[in-house]
Amino acid sequence: MQIADIDPSLQHAFSKMPKLRLDRVWTRWLVRRLPTRRITDSAVACTRHRLRHDETLLYQRRESPGQAGLLWIHGGGMVIGKAASNDAQCNHYARDLGLTVVSANYRLAPDHPYPAAIDDCYNTWLWFLAQAEAWGVDPTRIAIGGPSAGGGLAAALCQRIRDQGGPQPAAQFLIYPMLDDRTALRDDLTVIDHILWNNQNNSFGWTAYLGRPAGSVDQTPDWAVPARRRDLSHLPPAWIGVGDKDLFLEEDRAYAQALREAGVACDYYVAELAPHGFDSIVPEADVSRRFQAAGDAFLRRVLALNP
């Protein structure tokens, strides 16, 4: 895929981005240790809270926070990323929608393969529920969401919560989610060499997380690969948004259809000429603004937020 294949308003920013090989140990080591430029917002209070394996971040609007919440799970292909890199998104949901946002950290593969990440996300969900009343949050009005690998973990977490009972999330908010390890076997997608997240990195990310070659067997553990789950009934309503130049376009479309066939309401939004991560890299672009507005509208509706 060439830079010229994507929306003109995105081309300059993406042309400056290096192509990373995450299967190389030194690349992951370097990316994980790069300093994070924190983005503060005068309207939002951000506090740190220590959980079992790492700290989580809490974002709340300083004035008149609402009673709804969002558990946010960062992306990074299961092998890189951290909660502190998503300040801009979390500030937006706290400031503009009035949500109390808990941004989770989780242990990364291959150092910590499945089920480390989903266990950490589940424990953060239980902690959020336990603290909700103290923060003025209605536990029946909390969505779970995130981008890329975070969206995949959000989908898996909703499956786990359904299976294990207890309070259920109000919605799943899946931003170009990483849902199906079998995509790694698609040679027709590999040759496209998608911008920002290609099938080579995708194969490594799934292999590192699952502890075996991606897509190599018919059976996977519960809550490991969301798209492998046969029974998707009784899950919360979903929003799935993805760009049409994203490696995950087809698997996201298939998951949206599977949810609908299982009786789960699902909004599916496709951004034209948009590669992976476009909305966070060029948030001011019109295509990014429309994408964000569609997601915001979904959250406003399912969480009963004020206009």
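The values are calculated or read from the model by the stated rules, or taken from the named source; none is laboratory data. Because the structure is a prediction, the values reported are computed rather than measured. All Cβ positions, even for glycine, are placed from backbone atoms using ideal geometry, and neighbour counts span all protein chains on display. Ligands, DNA and RNA are stripped out before the accessible areas are found, and what is left, the full protein with its side chains, is counted by its heavy atoms. Shrake-Rupley method; radii C 1.70, N 1.55, O 1.52, S 1.80 Å.
Within region 179-207, can you find the residues that are more than 22 Å from Pro18 (Cα to Cα), touching a residue at least 12 places away in the same chain (Cβ under 8 Å) and not hydroxyl-bearing (Ser, Thr, Tyr)?
Here is the first cut: in region 179-207, the ones more than 22 Å from Pro18 (Cα to Cα) are 179-183, 185-188, 207.
From the residues that got through so far, the ones that are touching a residue at least 12 places away in the same chain (Cβ under 8 Å) too are 179-183, 185-186, 207.
Those that are more than 22 Å from Pro18 (Cα to Cα), touching a residue at least 12 places away in the same chain (Cβ under 8 Å) and not hydroxyl-bearing (Ser, Thr, Tyr): Leu179, Asp180, Asp181, Arg182, Leu185, Arg186.
On the stretch given as region 49-76, residues that are surrounded by fewer than 24 Cβ atoms within 10 Å (Cβ to Cβ) and assigned to a strand (DSSP E or B) total 8. Considering Leu196, Leu232, the condition of being open to solvent by less than 30 Å² (accessible area, probe 1.4 Å), of a type in the set (A, V, I, L, M, F, W, C) and more than 15 Å from the chain's Cα centre (by Cα) is satisfied by Leu232 alone. Here Tyr93 clears all of (1) assigned to a loop (DSSP other than H, G, I, E, B); (2) crowded, with 24+ Cβ neighbours inside 10 Å except the condition numbered (1).
When Gln131, Gln172 are checked against the criterion of being more than 23 Å from Val217 (Cα to Cα), open to solvent by 50 Å² or more (accessible area, probe 1.4 Å) and modelled with pLDDT of 95 or more, Gln131 stands alone in meeting it. On the basis of being open to solvent by less than 30 Å² (accessible area, probe 1.4 Å) and over 20 Å from Gly146 (Cα atoms), does Ser216 make the cut? No; evaluated as a whole, the condition is false for this residue. Taking the numbered list (1) over 26 Å from His92 (Cα atoms); (2) in a loop (DSSP other than H, G, I, E, B); (3) at pLDDT 95 or above; (4) not hydroxyl-bearing (Ser, Thr, Tyr) in turn, Asp246 passes all entries but (1). Among the residues of region 1-48, those that are assigned to a helix (DSSP H, G or I) and among the hydroxyl-bearing types (Ser, Thr, Tyr) comprise Ser9, Ser15, Thr27. Within region 237-280, restricting attention to residues that are in contact with a Cys (Cβ under 7 Å, 6 or more places away or on another chain) and open to solvent by less than 10 Å² (accessible area, probe 1.4 Å), which residue is farthest from Ala293 (Cα to Cα)? Checked region 237-280; the qualifying residue farthest from Ala293 (Cα to Cα) is Leu259. Please work out if Arg38 is under 24 Å from His276 (Cα atoms) and exposed (fewer than 14 other Cβ atoms within 10 Å of the Cβ). In short, yes.
Residue-by-condition table, conditions (1) closer than 29 Å to Asp180 by Cα; (2) hydrophobic (A, V, I, L, M, F, W, C); (3) touching a residue at least 60 places away in the same chain (Cβ under 8 Å):
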{"residue": "Ala45", "(1), (2), (3)": "no, yes, no"}
{"residue": "Arg52", "(1), (2), (3)": "yes, no, yes"}
{"residue": "Arg61", "(1), (2), (3)": "no, no, no"}
{"residue": "Gly69", "(1), (2), (3)": "yes, no, yes"}
{"residue": "Ala132", "(1), (2), (3)": "no, yes, yes"}
{"residue": "Asp138", "(1), (2), (3)": "no, no, yes"}
